[in-house]
Amino acid sequence: MLILGIDTSTDYLALSLLEDNLVKAEYNLSLKRQHSEKLLPLMEELFQTFAIKAQDLDAIAVSIGPGSFTGLRIAITTAKMLGRIFDIPVKGISTLEIMAAGQRADYILTMLDARRARVYYSFYSRKKADFKTDLEKKLNLKELYQASSIKIEQLAELLSAYKGEEILLLGDKTDKAAEILKRENFNVITADPENNYPRSAVLARLGRDYINLGQEDDIYQLKPAYLKKPQAELNWQQKYGG
Amino acid sequence: MNAKRNYKNKEDDIFILALESSCDETAASVNKNGLEVLANVVSSQVELHQKFGGVVPEIASRKHLELLLPVIDEALEKAGLEFRDLDAVAATYGPGLVGGLLVGLTAAKAIALSLEIPLIAVNHIAGHIYANFIDNPQIKKPLICLTISGGHTDLLYFEDLKGYEILGRTRDDAAGEAFDKIARYMGLGYPGGPAIEKAAVEGDPQAIDFPRAVMADNSFDFSFSGLKTAVMNYINNQKQKGKEIDQADLAASFQEAVVDSLSSKLLEAVKKYDIKSVVLSGGVAANKRLREVVEAELKEVEIEFYYPSLELCTDNAAMIGAVAYYQYLDRDFASLAISADPSLKL
């Protein structure tokens, strides 16, 4: 099974090729705002390097954010088209989950900058005792809180039930979050830079696992995890209600 | 791709899938040999943006992502073709709203890479001009084209895609933008062009004497901000005096002022340049009063006059596919690294 992983949800342009259990290629390029220009040429280069064609792909894993709205749509549009043309399964994966699934720790808080002192976050357990479903057991991962956005100051309140546990902080604003949580006597650790971003090989592997469990997405319904309405919609609601 | 591609020539049948997503219409088409439109599918988002009185870019981008695949499917189905039958894929790469442009352009890149066919990046304004040739392939060149829409007011001298000259453009609001703003101010809704035209039907176009912009340098440029201010002042003055406003008269007088400004510049250009025809393009070209006035004046100087059918006036992909065909024959292909250009000029 040959899986292409595509992620344009963060500053990283991330692209990977996984063949069964072998990571054949993994690009993680911190480029900012060049995803539209760079993604398709990079895919072309990847295919040429391994002398394969797009039609040789068996599945696509794509990151659905949260992240930059415009950025997210680049990888998702690409994934939809490949899925449609070659009639292969596509699975959308949360960027927060990609980060957590790449690390070993009992409890992991992953965060992405949501601007205005807010972060998008999700909170995961990798403790066997917490796993209930087949999916959780297979992935070795359980999402404890559904992804959302929060003011960084409110993290202590959010995690109050886990005060005694060691919590790994990943992603954006981890230093600020660690400072806030340590002040409240939480046991937190942070990661080295090479472990602190969503790696595209992890995305492809997650895609493989989900698809093997029959959890592919309908490409006609697949969309980013925006986690926020368009600003104009929020303004309108504030003015007129509803 | 390393393999040298075998491109088709004018004698062959060439099928192009084109995508358009520069504003609030998600569109896909399949054209055969440029001007033969096998499918022209447009999914309008107008209703989504109505309550905001204009296009909200982020809402438009989200909708493009949702609609593009179904629109492509429908276009291929109507054309009776499969992806593998396509000779090239085209997309609008500007001007327009960047978020929307990127959805269509990225989709086209992915299709080009997947099928190993050329990618053709098309200028939206060129598309509007070529919309005329789809309905009337016999149009004689050189011609003068007035492109008028929510984003553009361009007066062009046009021979072909490589030989043209911008004679004038707006210095402030686009013509369609002026319609939208005044319609919103009058409470007539969005989009403003059809709303004002409808309200003007029973009105007297001479009822209120609004100013027509005159350029000090005698250029072919347009300006609508003075007119817009005059209309707003008129409404406020009437309100202050407690006088009732005749919406029909107001709409008709405003429309007449816009039509006057557009047609007078167009006629000046027609007299100055040696041309065979005049074409209108863009959404505002659907305005009946404008067509009427221009038609009558051009009859006197014996210049042929064309405008596209309504479905080709507003944004659509068939016009993009028409331009793409001529770019294909010129082997004017884009690299997968091309970016969207929101302020692309012709």
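The values are calculated or read from the model by the stated rules, or taken from the named source; none is laboratory data. This structure is a prediction, so every number in the text was calculated from the model and none was measured. For neighbour counting, all protein chains shown are included, and Cβ atoms are generated from backbone atoms with ideal geometry for every residue, glycine included.
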Next on the checklist: So if I check each of B:Ile166, B:Ile139, B:Ile182, which one is assigned to a helix (DSSP H, G or I) and either modelled with pLDDT of 95 or more or hydrophobic (A, V, I, L, M, F, W, C) (or both)?
Outcome noted: B:Ile182
Next on the checklist: Checking the conditions here, which among A:Ala25, A:Ala100, A:Ala51 is out of contact with any Gly (no Cβ under 9 Å at 6 or more places or on another chain) and assigned to a loop (DSSP other than H, G, I, E, B)?
Outcome noted: A:Ala51
Item to check | Sole residue being within 14 Å of chain B (Cβ to nearest Cβ) and closer than 20 Å to A:Val202 by Cβ, chosen from A:Gly102, A:Gly92, A:Gly83 | outcome: A:Gly92
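Quick grid of which residues meet (1) out of contact with any strand residue (DSSP E or B) (no Cβ under 8 Å at 6 or more places or on another chain); (2) surrounded by fewer than 16 Cβ atoms within 10 Å (Cβ to Cβ):
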residue	(1), (2)
A:Asn185	yes, yes
A:Pro193	yes, yes
A:Asp218	yes, yes
A:Leu222	no, no
A:Pro230	yes, no
A:Trp236	yes, no
Checklist outcome for this item: In region B:55-87, residues that are within 11 Å of chain A (Cβ to nearest Cβ), in a helix (DSSP H, G or I) and hydrophobic (A, V, I, L, M, F, W, C) total 9
Next on the checklist: When you check B:Val103 against the structure, is it surrounded by fewer than 22 Cβ atoms within 10 Å (Cβ to Cβ), facing another protein chain (nearest Cβ under 8 Å), closer than 16 Å to B:Ala60 by Cα and at pLDDT 95 or above, yes or no?
Outcome noted: no
Checklist outcome for this item: Here the residues within region A:31-64 that are closer than 29 Å to A:Lys228 by Cα and within 12 Å of chain B (Cβ to nearest Cβ) are A:Arg33, A:Gln34, A:His35, A:Ser36, A:Glu37, A:Lys38, A:Leu39, A:Leu40, A:Ile60, A:Val62, A:Ile64
Checklist entry - From the set of residues in region B:25-51 that are in contact (Cβ under 8 Å) with a residue 12 or more places away in the chain and part of a loop (DSSP other than H, G, I, E, B), which is farthest from the other protein chains (Cβ to nearest Cβ)? => result B:Leu35
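Pick from region B:334-346 the residues that are touching a helix residue (DSSP H, G or I) at 6+ places or on another chain (Cβ under 9 Å) and away from chain A (no Cβ under 14 Å): which of them is modelled with the highest pLDDT?
B:Leu344
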Item to check | Of all residues in region A:115-150 being more than 18 Å from the chain's Cα centre (by Cα) and acidic (Asp, Glu), the one that is modelled with the lowest pLDDT | outcome: A:Asp134
Checklist entry - Any residue at all in region B:88-97 that is more than 14 Å from every other protein chain (Cβ to nearest Cβ), in contact (Cβ under 8 Å) with a residue 40 or more places away in the chain and either within 30 Å of B:Asp274 (Cα to Cα) or surrounded by fewer than 24 Cβ atoms within 10 Å (Cβ to Cβ) (or both)? => result yes
Item to check | Counted residues, region A:128-173 - those being surrounded by 16 or more Cβ atoms within 10 Å (Cβ to Cβ) and part of a loop (DSSP other than H, G, I, E, B) | outcome: 5
Item to check | Meets criteria (touching a residue at least 12 places away in the same chain (Cβ under 8 Å), surrounded by fewer than 24 Cβ atoms within 10 Å (Cβ to Cβ) and assigned by TED's automatic domain parsing to the domain that holds B:Lys228) for B:Lys271 | outcome: yes
Next on the checklist: Residue pairs, Cβ under 7 Å, 6 or more apart or interchain, first in region B:158-179 and small (Gly, Ala, Ser), second assigned to a strand (DSSP E or B). List them.
Outcome noted: B:Gly168/B:Leu155; B:Gly168/B:Phe222; B:Ala174/B:Thr153; B:Ala175/B:Ile148; B:Ala175/B:Thr153; B:Gly176/B:Ile148
Checklist outcome for this item: Note on region B:11-24: residues assigned to a loop (DSSP other than H, G, I, E, B), modelled with pLDDT of 95 or more and in contact with a helix residue (DSSP H, G or I) (Cβ under 9 Å, 6 or more places away or on another chain) are B:Ile14, B:Ser21, B:Ser22
Checklist entry - Going by the structure shown, is B:Ala75 in the same structural domain as B:Ala318 (by TED's automatic domain parsing) and within 27 Å of B:Asp332 (Cβ to Cβ)? => result yes
